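My questions will all concern the structure given below.
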Amino acid sequence: MDFFCYHRDRVGSTPLRQQLVESHWSYMDAFQDRMIARGPTFADETLTGSVHILSLPDPAAARAFAFEEPCYQAGAYRDVMIRRWRSLPDRTTPHPSGRSDDSERFLALGFTDAPTTERIDAPDRPGVIVRGELLSDDGAQVLGAAALVQPDGGDVRGFLPERRYAVVEVHRWDFGGRR
């Protein structure tokens, strides 16, 4: 089973997150073989959150992953969104071999008005790193979608079929992991 976890920072928690960076990475090292994608979100240069898409056995394991994370334990995050994840069939951009590419990347989140069983259409778009549906714990209801993208111009919101969502959020994002 795959899960989308988005830890959102408390205002002013960047110094605490910086103190805990090695603890955070060491914790994530134990899950490296299960990671689909991960990385921090930003507003300007300030950390605003941390995204992890990974395979875990069940919703209880996803909650344990999210709530045992060192920055969460220390109080750096204001909340955590945990959703089952179903990848949408897109062309994907692999993780860059080097980190010299300074192109902007984004997390786009779309939330439905109400849970639905209607699957999300996924037109193939260049620049998609990964995109998927956000589901209920049992996987039966679509609650929204998320996309990690590196657009070549254009509106980042266009990576999600906006007519489907009550709210679409866009956050600057970058690949995570040890530097």
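Could you please find all residues in segment 148-174 being in contact with a Phe, Trp or Tyr (Cβ under 8 Å, 6 or more places away or on another chain), assigned to a loop (DSSP other than H, G, I, E, B), under 20 Å from Thr112 (Cβ atoms) and of a type outside the set (A, V, I, L, M)?
The one that is in contact with a Phe, Trp or Tyr (Cβ under 8 Å, 6 or more places away or on another chain), assigned to a loop (DSSP other than H, G, I, E, B), under 20 Å from Thr112 (Cβ atoms) and of a type outside the set (A, V, I, L, M): Tyr165.
Right, here's the next one. Could you grab me the full set of residues in segment 80-104 that are exposed (fewer than 14 other Cβ atoms within 10 Å of the Cβ) and at pLDDT 90 or above?
Glu104
Ok, one more. Looking at (1) over 14 Å from the mean Cα position of the chain (by Cα); (2) not in a strand (DSSP E or B), which one does Gly177 not meet, given that it meets all the others?
Condition (1) is where Gly177 drops out.
Something else now. Just the residues that are more than 17 Å from the chain's Cα centre (by Cα) and aliphatic (A, V, I, L, M), please, taken from segment 14-33.
Leu16, Leu20, Val21, Ala30 - these are the residues of segment 14-33 that are more than 17 Å from the chain's Cα centre (by Cα) and aliphatic (A, V, I, L, M).
Could you give me the residue pairs with C-beta distances under 6 Å whose first residue belongs to segment 22-49 and is among the charged types (D, E, K, R), whose second residue is at pLDDT 95 or above and surrounded by 15 or more Cβ atoms within 10 Å (Cβ to Cβ) wherever it lies, and which are 6+ apart or on separate chains?
Correct list of pairs: Arg34/Leu54; Arg34/Ser55; Arg38/His52.
Another one. List the residue pairs whose Cβ atoms are under 7 Å apart, where the first residue sits in segment 123-134 and is among the aliphatic types (A, V, I, L, M), the second is surrounded by fewer than 21 Cβ atoms within 10 Å (Cβ to Cβ) and at pLDDT below 90, and the two are 6 or more positions apart or on different chains.
Matching pairs, first to second residue: Val128/Asp90; Val128/Arg91; Val128/Thr92; Val128/Thr93; Ile129/Thr92; Ile129/Thr93; Val130/Thr92.
With of a type in the set (A, V, I, L, M, F, W, C), in a strand (DSSP E or B), closer than 15 Å to Arg8 by Cβ and under 15 Å from the mean Cα position of the chain (by Cα) as the only criterion, which of Leu54, Leu47 stands out?
Leu47
Restricting the first residue to segment 84-110 and requiring it to be under 17 Å from Val156 (Cβ atoms) and aromatic (Phe, Trp, Tyr), which pairs with a second residue that is assigned to a strand (DSSP E or B) and at pLDDT 50 or above meet a Cβ separation below 9 Å and a spacing of at least six or different chains?
Qualifying pairs under 9 Å: Phe106/Thr41; Phe106/Ala147; Phe106/Leu148; Phe106/Val149; Phe106/Val170; Phe106/His171; Phe106/Arg172; Phe106/Trp173.
State which residue pairs qualify: first residue closer than 16 Å to Ile129 by Cα and inside segment 158-178, second residue of a type in the set (Val, Ile, Thr) and part of a helix (DSSP H, G or I) in any location, beta carbons under 9 Å apart, and separation of 6 or more residues or different chains.
Val170/Val156
Looking at (1) in contact with a His (Cβ under 9 Å, 6 or more places away or on another chain); (2) within 26 Å of Arg125 (Cα to Cα), can you tell me which one Tyr77 breaks?
Every condition holds for Tyr77 apart from (2).
Restricted to segment 4-19, and to residues that are crowded, with 18+ Cβ neighbours inside 10 Å and either touching a His at 6+ places or on another chain (Cβ under 7 Å) or of a type outside the set (S, T, N, Q) (or both), which residue is nearest to Ser87 (Cα to Cα)? Steps first, please.
Residues of segment 4-19 crowded, with 18+ Cβ neighbours inside 10 Å: 4-7, 9, 13, 17.
Retained after the next criterion (residues that are either touching a His at 6+ places or on another chain (Cβ under 7 Å) or of a type outside the set (S, T, N, Q) (or both)): 4-7, 9, 17.
Working: Phe4: 10, Cys5: 14, Tyr6: 16, His7: 20, Asp9: 25, Arg17: 29 Å.
Once the filter is applied, the top-ranked residue is Phe4.
The values are calculated or read from the model by the stated rules, or taken from the named source; none is laboratory data. The structure presented is a predicted model; accordingly, all values stated were derived computationally and were not measured. Note: ideal-geometry Cβ built from the backbone for every residue, glycine included; neighbour counts use all protein chains shown.
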